[in-house]
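The values are calculated or read from the model by the stated rules, or taken from the named source; none is laboratory data. The model shown is predicted, which means the values in this text are computed figures rather than measured ones. Note that we place each Cβ from the backbone using ideal geometry, even for glycine, and neighbour counts take in every protein chain shown.
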Amino acid sequence: MITPNKVAAMAEKKEKENYAFRTFLKNHADPEKLDAQFLRLHNELFSQYDCSSCRNCCKEFCGTFENEDITKGAAKLHMTPETFKAQYLQYDGEGAYDTNHTPCDFLQGDGSCLLGECKPVNCAEFPFTAKPDRLLSMISIIGNASVCPVLFEILERLKGEYGFEFRSNARW
Ligand code: SF4
Ligand code: SF4
């Protein structure tokens, strides 16, 4: 597995290859089989990985909170939702709220999240590799592979499973 501090540079080197792989998948992959492959690799790799030693996602992105996330997060910190929003969040203009800073304000020095199990659903699901419709989300998957070493590894394993080898002049 690539180390968290090297994933951005490696993903940049692999950018053309990853977009070629996206085209390959669009032309050759069965969407449901691909979702099952993502899910299997997600379960296998995350079960062996300690995210607290990485936290690139919490350093690169702010947390995004829907209303239910605000209710849970406020309760965790023994605040009203209004105080929680005023202290930690700003409206994103699209119906949700983001934390005020990047790295996220809830990221602790030991790599844990101050909100624990009450972290937003969006955070708990990142990098979204256990969700369906991955073929439609390949652009954001490739983008997130520059942040998440596990997702980077999932893409590399998928290339192996499909026998995909990058050639810059090939048509996929
Ligand atoms: S989800 Fe990915 S980016 Fe976030 S901490 Fe875990 S390995 Fe790192
Ligand atoms: S809310 Fe927690 S899990 Fe989400 S970005 Fe912030 S520190 Fe990370």
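Quick rundown of the values:
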{"read-out": "Qualifying residue in segment 30-45 (condition: within 16 Å of ligand 1 (Cβ to nearest atom), among the small types (G, A, S) and at negative phi)", "value": "no"}
{"read-out": "Residues being among the acidic types (D, E) and surrounded by 15 or more Cβ atoms within 10 Å (Cβ to Cβ) - total across segment 80-131", "value": "2"}
{"read-out": "Top-ranked residue of segment 83-129 - restricted to ones that are away from ligand 2 (no atom under 12 Å from the Cβ) and within 16 Å of the chain's Cα centre (by Cα), ranked as farthest from T71 (Cα to Cα)", "value": "T129"}
{"read-out": "Which listed residue is at pLDDT below 95 and closer than 20 Å to E165 by Cα, from M1, M10", "value": "M1"}
{"read-out": "Residue match in segment 33-50 (condition: over 18 Å from the mean Cα position of the chain (by Cα) and farther than 15 Å from L151 by Cβ)", "value": "yes"}
{"read-out": "Filtered residue count, segment 41-74, keeping only those that are free of Cβ contacts under 8 Å to residues at least 60 places away in the same chain and under 27 Å from L89 (Cα atoms)", "value": "15"}
{"read-out": "Residue satisfying all of: in segment 132-155; more than 11 Å from the chain's Cα centre (by Cα) and surrounded by fewer than 19 Cβ atoms within 10 Å (Cβ to Cβ); farthest from P31 (Cα to Cα) among these", "value": "E153"}
